[in-house]
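Asks: Here's a structure for you.
The values are calculated or read from the model by the stated rules, or taken from the named source; none is laboratory data. The structure presented is a predicted model; accordingly, all values stated were derived computationally and were not measured. Reconstructed Cβ throughout: ideal geometry from the backbone, glycine too, with neighbour counts over all protein chains shown.
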Amino acid sequence: MAIIDAWIQHPTPGFVRHEMFASLRRWLGAGDDPPELPLGFTLGALQAAGVDRALVTAWVGPQGALISNDEVASFVRAAPDVLVGVASVDLGHPMAAVRELRRAVRTLGLRALRMLPWLWNLPPNHRRYYPLYAECVELGIPFCLQVGHTGPLCPSEPGRPIPYLDEVALDFPELVIVGGHIGYPWTDEMIALATKYPNVHIDTSAYKPKRYPAALREYLAGHGRKKVLFGSNYPMLTPGDCLAQVDTLGLDAEARRLFLGDNAARVFGLT
């Protein structure tokens, strides 16, 4: 059974040392000047956990790239059998963002787009996203985003699934959507969207299984078994720590296989 982690970052210095993550560094006990880590450290964490593939993401915000698409492409070139690249773009310049997305997919070989609404303080139904949704459909790639409250000290409202993501799914029925971080404290809303729309999915990044709300555990084990993807949000959580708690979910063999790998393989077109 292949294990696929739907959301990781390689912790580049520009990413882990950014001021917005000060509260997370305190929570992780990492200090204000964490060391630069080689890519081999991240690959080692995946290997130690038994993860076969991982979606490694770029980060672009209003102040520029914390992890650029070119950096992500370099990670993938270094470990093409393990890493799958996910792009990010500058929402402040929509046409440039569309062109960069095309470059990231067609030239760099990245396989999805991820945007974080809280980073822009713009919910996903804002008009600036819409050219990107159309381009994702044309390129045949999923659109990934954060749903739920934020860890950094930023407004959480853009991460609420209903009405914001609900409207996107209505306007773009062909768009494959993956809502990461389970949507807490609005997990029931995220489950409702994943149930309502064939192309809407949930990934569990940023939460260990023992912290999944009861509704998500029930959905994952039952009629939502084809709609939930395993994710860690490494380096905030290690995939090994998350996978160590999967047995607590009480999944049958089919639900476990779908959750840990098959759903992500289908959604991201991985073979």
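Asks: I'm checking my understanding of the structure. Among residues of segment 225-271 that are in a loop (DSSP other than H, G, I, E, B) and hydroxyl-bearing (Ser, Thr, Tyr), which one is modelled with the lowest pLDDT?
Replies: Just the residues of segment 225-271 that are in a loop (DSSP other than H, G, I, E, B), to begin with: 225-227, 230-233, 235-238, 244-245, 250-252, 269-271.
From what is left, the residues that are hydroxyl-bearing (Ser, Thr, Tyr) are 232, 238, 271.
Values: 232: 98, 238: 96, 271: 78.
Ranking the qualifying residues of segment 225-271, first place goes to 271.
Asks: Give me a count of the residues in segment 104-128 that are more than 23 Å from residue 185 (Cβ to Cβ) and either in contact with a His (Cβ under 8 Å, 6 or more places away or on another chain) or not in a loop (DSSP other than H, G, I, E, B) (or both).
Replies: Filtering segment 104-128 for residues more than 23 Å from residue 185 (Cβ to Cβ) gives 104-113, 127-128.
From what's left, either in contact with a His (Cβ under 8 Å, 6 or more places away or on another chain) or not in a loop (DSSP other than H, G, I, E, B) (or both): 104-106, 113, 127-128.
Of the residues in that region, 6 qualify.
Asks: Same structure again: Could you tell me whether segment 71-82 includes any residue that is touching a Pro at 6+ places or on another chain (Cβ under 8 Å), in a helix (DSSP H, G or I) and among the hydroxyl-bearing types (Ser, Thr, Tyr)?
Replies: Taking segment 71-82 and keeping what is touching a Pro at 6+ places or on another chain (Cβ under 8 Å), we get none.
Looking through segment 71-82, none of the residues is touching a Pro at 6+ places or on another chain (Cβ under 8 Å), in a helix (DSSP H, G or I) and among the hydroxyl-bearing types (Ser, Thr, Tyr).
Asks: Pairs only if they're at least six apart or on different chains, beta carbon under 8 angstrom, first in segment 139-150 and over 11 Å from residue 202 (Cα atoms), second of a type in the set (Phe, Trp, Tyr) and not in a loop (DSSP other than H, G, I, E, B); list them, first residue then second.
Replies: These pairs meet every condition: 142/268; 143/133; 150/118.
Asks: Residues in segment 244-271 that are touching a helix residue (DSSP H, G or I) at 6+ places or on another chain (Cβ under 7 Å) and among the hydroxyl-bearing types (Ser, Thr, Tyr): how many?
Replies: Residues that pass the stated criteria total 1.
Asks: Inside segment 194-224, can you point out the residues that are under 15 Å from residue 256 (Cα atoms), over 18 Å from the mean Cα position of the chain (by Cα) and not in a helix (DSSP H, G or I)?
Replies: Matches in segment 194-224: 222, 223, 224.
Asks: Looking at segment 40-82, which of its residues are exposed (fewer than 13 other Cβ atoms within 10 Å of the Cβ) and closer than 20 Å to residue 267 by Cβ?
Replies: Within segment 40-82, 80, 81 qualify.
Asks: Among the residues in segment 159-171, are any modelled with pLDDT of 95 or more, loosely packed, with under 15 Cβ neighbours inside 10 Å, under 19 Å from the mean Cα position of the chain (by Cα) and of a type in the set (Asp, Glu)?
Replies: Checked against the condition, which is being modelled with pLDDT of 95 or more, loosely packed, with under 15 Cβ neighbours inside 10 Å, under 19 Å from the mean Cα position of the chain (by Cα) and of a type in the set (Asp, Glu), segment 159-171 yields no hits at all.
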